[in-house]
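No value in this document is a laboratory result; all are computed from the given coordinates. Here the structure is a predicted model, which means the values were calculated and not measured. Using ideal geometry, Cβ is built from the backbone for each residue, glycine included, and neighbour counts are taken over all protein chains shown.
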Amino acid sequence: MAISNRSQSGAIYEHIEVKNPVTSEIIGSIPQTSADEIKETIERARDAQIGWGALSPSERVGYIRRWADLVWEQQETLIKINRRETGKTDSGAFLEIIVLDNILQYYIHHAPNFLKTQQRRTIVPFIQKAKVFYKPHGVVGVISPWNYPYLLGLIDLVPALIAGNSALLKPSEVTPFTAEYAIKLMHEAGIPRDVVQVIHGDGRAGATLVEHVDYIAFTGSTATGRKVAETAAKRLIPYSLELGGKDPCIVLEDADLDMTAAGLVRSAFENAGQVCISVERVYADARIYDALMDKLLYYAGKYQMGSDDGMDIHMGSMTNTRELERTEAHIHDAISKGARVVFGGRRRPELGPLFFEPTILADVDHAMDVMRQETFGPILPVMKFHNLEEAIRLANDSEYGLSASIFTRDFKRAEAIARRLDSGDVSVNRPQMVVATPSLPSGGQRNSGVGRRNGKEGLLRFTHTQSFLTDNLFGQQPELRLADPFSLQVAMVLRTIRRYIKFI
Ligand code: NAD
């Protein structure tokens, strides 16, 4: 909730209260940073970037290595802060740390090589030489959501820093303290204070950031992403958008049903379903549909929900009333159109105000919101298909295209299906694994986003290329014509050779 206060000097300032979703207790407040303060912060970042960008990639990576070790040492504190503002489980908060750590180790080892100057071929061999430099954009703004406040706050910020940019992070106003602690550890690891900074506030602060930075890496809803893209387009700055999803999973008749059911329960209910890449709809071959439903009920029955400490609790609280209400609305809409709740479906107020049971729906179809709109809650709707063409058509029947998965033992068949799915990634027998695999680019199509994070692609988006060419003028005379007889002759000879030999 935003609150206005008057300071001793009489100036009015706003701050935003942050709540623990499990207890509803107010755990702190953050300032709504003003537009002027944000501009000043960006100016400091711009000055600081000059020294940071002048370091070699290996030197910058050295800072990230020190920071990664500090995070590892301080993981208990980080997990505590994260849980207090999200309501998630111990294992959920730990997962954020281990997934990002894998990505950090990947960039620590590979980024200096990715950022190396490249030699390229020229059209006049020996006389001309060409290189490509990867240069930072300058100041990068990172805007993150509340569902993974550590992972999604840092996953884009770190490669932006390694590429030589300075960076400003605006975490979600719902979960600001995890990211703030992570940045404090960056400063302790020696990264200069103005090279990486946090600014707080709601969408107004985010919008101001987009108005002044040189690159924006946004993660959040499709509606906000569109606004960010409009401003970026007006300013002609590059950007990446990681947005919403409605991820399909196709279960083929040869799948291992125990592994499939356990995997689906995990990937649909992890983080109370508040995951952009959670499995939000399942299409199961009609021949194994009933058997799969039995297994799903079995594994869902073993799923532990609560707010206790320990790695054996599978699912915690939802974080916001908005997502809880949308989850209920999707269930009501589905029931009114003929769906059946076969597991869960209720709030659990005795555990906390935002706890909602993992829920499995049967008899669903695409007339229902739950099969077409992003739920961002713990619902797993399961639909039968009678032939593969139908399954592929249904999987692609969405405005989104983030991630998709297939359960099968036949990887060749899975690959052929994957090539026909409109999604940024497809994983077989292990949904959600691509984003945790640092070498693989990850991101969405259609309304799920623009650009990719992770991998070489996710690093190089934080650079622009500068091409460099030298000509030693060997054998050349001063000449004003664009095509003198000698150059024309050389061009003809080169063209003949080039038809048979690749040298550009
Ligand atoms: P949101 O769009 O409401 O907010 C995201 C961030 O944008 C917050 O920090 C918010 O303060 C800021 N913001 C709000 N208005 C802004 C504006 N006009 N300009 C700039 N910034 C603004 O999203 P949310 O509710 O925090 O997150 C949930 C959504 O994020 C879901 O749709 C989910 O699918 C998506 N998401 C996507 C990914 C991904 O990697 N693709 C990951 C996690 C979440």
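Would you work out the relative contact order for region 211-350, in percent, from Cα pairs under 8 angstrom that are 6 or more residues apart?
Contact order relative to length: 18 percent.
Counting charges near ASP247 (Lys, Arg +1; Asp, Glu -1) among other residues having Cβ under 10 Å from its Cβ returns a value of -1. In degrees from 0 to 90, rounded to the nearest 10, what is the angle of the helix 35-54 Cα long axis to the longest principal axis of the chain? Roughly 50 degrees between the two axes. Here the chain carries DSSP beta bridges of which approximately 45% are antiparallel, counting only pairs with both residues inside. A simple rule links phi to the HN-Hα coupling: the Karplus curve 6.51 cos²θ - 1.76 cosθ + 1.60 with θ = phi - 60°, which for region 427-438 gives 10, 10, 6, 8, x, 6, 7, 5, 5, 8, 10, x Hz, with x for Gly and Pro.
I need to check one value: relative contact order of the chain, counting alpha carbon pairs closer than 8 Å and at least 6 residues apart, in percent.
Relative CO of the chain lands at 18 percent.
Residues in region 402-411 carry Karplus couplings, in order, of 8, 9, 8, 9, 9, 10, 6, 9, 9, 5 Hz; the curve used is 6.51 cos²θ - 1.76 cosθ + 1.60 with θ = phi - 60°, and Gly or Pro positions show x. A cut-off of 5 Å between modelled amide H atoms, ignoring neighbours fewer than 5 places along the same chain, links ALA284 with VAL251, MET383, LYS384, PHE385. Backbone phi angles across region 121-130, fed through the Karplus curve with coefficients 6.51, -1.76 and 1.60 (θ = phi - 60°), yield HN-Hα couplings of 7, 10, 7, 10, x, 6, 7, 10, 10, 9 Hz in residue order; Gly and Pro are listed as x.
Taking Cβ atoms as reference points and 10 Å as the exclusive limit, the residues near ILE79 contribute a net charge of 0, counting Lys and Arg as +1 and Asp and Glu as -1.
Each part gets one Cα centre, and for region 19-54 versus region 431-484 those centres are 31 Å apart.
For region 362-444, the gyration tensor built on C-alpha atoms gives an oblate shape. Its axis ratio a/c (a ≥ b ≥ c) is at least 1.5, and a/b is not larger than b/c.
Angle between the Cα long axis of helix 176-188 and the longest principal axis of the chain, 0 to 90 degrees, nearest 10? Around 40 degrees separate the two axes.
Exposed loop sites, defined as trypsin sites (Lys or Arg not before Pro) outside DSSP H, G, I, E and B with at most 10 other Cβ atoms within 10 Å, are absent from the longest region of the chain, namely 1-301.
Bridge orientation summary for region 247-440: considering DSSP beta bridges with both residues in this region, about 15 percent are antiparallel. Over 18 Å between Cα atoms: which of LYS384/LYS412; LYS116/LYS456; LYS80/LYS184; LYS337/LYS384 fall into that group? In this structure, LYS384/LYS412 exceed 18 Å between Cα atoms.
With all pairs of separate Cα atoms included, the chain yields a Kirkwood hydrodynamic radius of 24.8 Å.
Over region 247-440, the alpha carbon radius of gyration divided by the compact-protein estimate 2.2 N^0.38 Å works out to 0.96.
Summarising the amide proton neighbourhood of LYS19: residues at separation of 5 or more, or on other chains, whose placed amide H is nearer than 5 Å comprise ILE27. Mind checking which aspartates and glutamates have their C-alpha under 15 Å from LYS135, skipping anything on the same chain fewer than 8 residues away? Answer for LYS135, where 15 Å is the Cα cut-off: ASP214, GLU457, listed by chain and number. Rounded to the nearest 10 degrees, the inclination of helix 57-73 to the longest alpha-carbon principal axis of the chain is 20 degrees.
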